[in-house]
Amino acid sequence: MAQQRRVQLSTQRPTSTVCVLGTELSLDVCGSAPKGAVSFQAQGTPGVRLWVVHDSQSVKLPSSVSRWPLAPGPELLLAMDSLSKDVGDEKVRVSYFREAGAVPVGRALLYLTCVEVSLDADVNRSGAVSRTLLDKTTWTWGPEGHGAVLLVNCDRDDPGAEGLDSQDSAVRSYDDLKDMSQLLLRTRGPHPIFAGHRLLLHVDFGDADKVGVFYSGSSAALGEFRHVLGGPKLAYSVRPGRHQHESVFYVEGLAFPDVGFSGLVSFHATLLESPDKGLPETPIFTDTVVLRVAPWIMTPNTAAPLEVFVCGVDDNEGFVAAVAALAERAQCPLTVCPPPQNRQDRWIQDELEFGYVQAPHKTFPVVFDSPRDRGLKDFPVRSILGPDFGYVARQAPEGASSLDSFGNLEVSPPVTVRGKEYPLGRILIGSSFPRLGGRRMAKAVRDFLVAQKVQAPVELFSDWLQVGHVDEFLTFVPAPDRKGFRLLLASPSACYQLLREKQEEGFGEAAMFQGLEKVPKPTINEILANEGLRRFNNYAQSCISWNRDILKRALGLAEPDILDIPQLFQGDVASGAEAFFPDMVNMLVLGRHLGIPKPFGPAVGGRCCLEQRVRELLEPLGLSCTFIDDFFSYHVLAGDVHCGTNVRRKPFAFKWWHVVP
């Protein structure tokens, strides 16, 4: 339905008004009728379309009925289809009649000027602003959806700047403008109308702190761009030039969707008129367009690697060399964070998570900085934030726990669950559930992840572990069949089954940890005879099995989609479980190349039986297994290969706005 405005008529003097292209005017024929009048007649010049709504029927004028009764309240509507060349160049005349009179007892004359006022954005999601018949006031999801997208301007395009571009009230580079979405305000019609009326671009009060808007008038010079909307600036008065019919505004997002912010932002262009001198202006037309701030999106292990990160610390030269060799085989660049930047903090997986933001016109990576804040706390801002590389962080005012480290933040590959598609996968975080009390990921982080909408988070039970991270018992690897991946789960029961097999084959005296100095070397027989270890691993297996059931339901998995990786845990219920030998699911996945913690398992026939079993499980999928010695550099410090590495990956080809949350 077209936007409609009520217009008062007068038989005392002619009146004038503006009709905006695409809108309707409702003329108050009853309110201006002279005393004794019972009917009216309406006539318009050729540029005006008139029709009467009477007894719920709409009749186009002129019609076979020349006069219309004033009771019980007919409605006279008009619209104009072409712009005026001059002010008041079209008109409508309404004549009033008594019961049997042929001569009008009064006439109302209305002069009309048709103008265009249109506020547009990339509602079609084509990458450019264009006109559309779609409803600009709504934003809809899905392949058939519509609505413009806005990026949080969270990178730093000017290397000389201190903070994020979104913290700057000036535009310092043309690259910065490329991160922003455009609003196009079109104004056409007789110039005196725009000189005599006021045109406002404005934003809702509740949205003002979520956006910034820049405008340079007719100039393209960087120095001419001014911050005109956002923060305390709720409205900007636009003054179209005589020969300027389009005004381009550049919009940046300042905040990601979160608690209290759905991500939707409304902009309005309102035309105001002043009825008489000294009286306040009144609105006569508003055009509205709604944009949604793009969510932060994680990428799963199965996505193609673009860059591998590792920390160089005092005792891990061999580990860094092994990761470098694996990255080279995977043809993936390696970035080594040096000691001055990592301050002897080797756990780069725990400090940050890589993701991205995307609009139809632009995509760039964004690093999510955890509340952990140890030695690496400055690395994301100082070394990763930069041109077309954004940054976002959340704090834990209640105090960060180990579960706030991002080894406890993973995402599945795309899945379909009981007919519902998750084309960007589902985020997985660890929690104390199903226990009462215990540790949980910080509320601010969980709320942020939920608010992004497109990767509906799943909470798993990880508080049974000493460190408490989901990457200690699960990972995903690519596969050529079924769903395109396998879920790998750490499995004490699979490990005991393997050790029993080797014992029955006569290898009971084969020992663990051969070649490692000052490390106890239990044999297969000793491990199988250790009742305390067996009971604890029964407990660990029950915790993993609980998560297995959650993952099968939440990700729509069947048993053939899951591979059990032999693993044992040690510890006690009070302090939590830790890996008995290097945790093989805690691996680095670079396409088909896997960097797996070397388990130092019992040698059978000259080969580690644990490594051999993992190869038997993974190599048929076309995966290449490289076992990396991280025993002293990571494992004894309660982490393994995945904990000590991080990967920036290729964004999804799937456009997030096609998701149906």
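The values are calculated or read from the model by the stated rules, or taken from the named source; none is laboratory data. These numbers were taken from a predicted model, which means no experiment stands behind them. No Cβ is skipped: glycine too gets one built from the backbone with ideal geometry, and neighbour counts run over all protein chains shown.
The single condition among (1) touching a His at 6+ places or on another chain (Cβ under 8 Å); (2) under 28 Å from residue 193 (Cα atoms) that residue 83 does not meet is (1).
Within the range 66-118, restricting attention to residues that are part of a strand (DSSP E or B) and among the charged types (D, E, K, R), which residue is surrounded by the most Cβ atoms within 10 Å (Cβ to Cβ)? Per the stated criteria, the residue is 90.
Go through the range 379-418 and give me each residue that's touching a residue at least 60 places away in the same chain (Cβ under 8 Å) and aromatic (Phe, Trp, Tyr).
Of the range 379-418, the ones touching a residue at least 60 places away in the same chain (Cβ under 8 Å) are 385-392, 401-403, 405, 407-418.
Matches in the range 379-418: 389, 391.
When the strands (runs of 3 or more DSSP E) confined to the range 364-432 are screened for residues that are touching a helix residue (DSSP H, G or I) at 6+ places or on another chain (Cβ under 7 Å), those reaching at least 1 such residues are found at 390-393, 409-411, 415-417, 427-431.
Determine which member of the set 140, 132 is of a type outside the set (A, V, I, L, M), in a loop (DSSP other than H, G, I, E, B) and free of Cβ contacts under 8 Å to residues at least 12 places away in the same chain.
Details: 132 fails: free of Cβ contacts under 8 Å to residues at least 12 places away in the same chain.
Checking each option against the conditions leaves just 140.
Of the strands (runs of 3 or more DSSP E) lying entirely inside the range 537-605, the ones with 3 or more residues being within 27 Å of residue 503 (Cα to Cα) are found at 562-566, 569-572, 576-579. Filtering the range 521-536 to residues that are surrounded by fewer than 19 Cβ atoms within 10 Å (Cβ to Cβ) and part of a helix (DSSP H, G or I) leaves 525, 526, 528, 529, 531, 532, 534, 535. Only a single item in (1) of a type in the set (A, V, I, L, M); (2) modelled with pLDDT of 95 or more; (3) under 30 Å from residue 276 (Cα atoms) is not met by residue 123, and it is number (3).
Residues checked against (1) in contact with a Phe, Trp or Tyr (Cβ under 7 Å, 6 or more places away or on another chain); (2) assigned to a strand (DSSP E or B); (3) among the basic types (Lys, Arg); (4) surrounded by fewer than 17 Cβ atoms within 10 Å (Cβ to Cβ):
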{"site": "277", "(1), (2), (3), (4)": "no, no, yes, yes"}
{"site": "285", "(1), (2), (3), (4)": "no, yes, no, no"}
{"site": "292", "(1), (2), (3), (4)": "yes, yes, yes, no"}
{"site": "301", "(1), (2), (3), (4)": "yes, no, no, no"}
{"site": "327", "(1), (2), (3), (4)": "no, no, no, no"}
{"site": "332", "(1), (2), (3), (4)": "no, no, no, no"}
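Looking at 639, 622 in this structure, which one is more than 30 Å from the chain's Cα centre (by Cα), of a type in the set (Gly, Ala, Ser) and more than 30 Å from residue 376 (Cβ to Cβ)? Don't jump to the end; show me each part of the working.
Working: 639 fails: more than 30 Å from residue 376 (Cβ to Cβ).
Selected residue: 622, the only one of 639, 622 that is more than 30 Å from the chain's Cα centre (by Cα), of a type in the set (Gly, Ala, Ser) and more than 30 Å from residue 376 (Cβ to Cβ).
Residue 214 meets all of the listed conditions (1) under 16 Å from residue 288 (Cβ atoms); (2) touching a strand residue (DSSP E or B) at 6+ places or on another chain (Cβ under 6 Å) but one, namely (1). Only a single criterion out of (1) out of contact with any strand residue (DSSP E or B) (no Cβ under 7 Å at 6 or more places or on another chain); (2) small (Gly, Ala, Ser); (3) exposed (fewer than 13 other Cβ atoms within 10 Å of the Cβ) is not satisfied by residue 161, namely (3).
Do the conditions hold for residue 200, that is, is it more than 31 Å from the chain's Cα centre (by Cα), modelled with pLDDT of 95 or more and within 30 Å of residue 6 (Cα to Cα)? For residue 200, the condition - more than 31 Å from the chain's Cα centre (by Cα), modelled with pLDDT of 95 or more and within 30 Å of residue 6 (Cα to Cα) - is not met.
Inside the range 178-192, can you point out the residues that are crowded, with 20+ Cβ neighbours inside 10 Å and either out of contact with any strand residue (DSSP E or B) (no Cβ under 6 Å at 6 or more places or on another chain) or more than 15 Å from residue 289 (Cα to Cα) (or both)?
Within the range 178-192, the first condition is being crowded, with 20+ Cβ neighbours inside 10 Å, and the residues that meet it are 179-181, 183, 185, 187, 189.
Residues satisfying the conditions are 179, 180, 187, 189.
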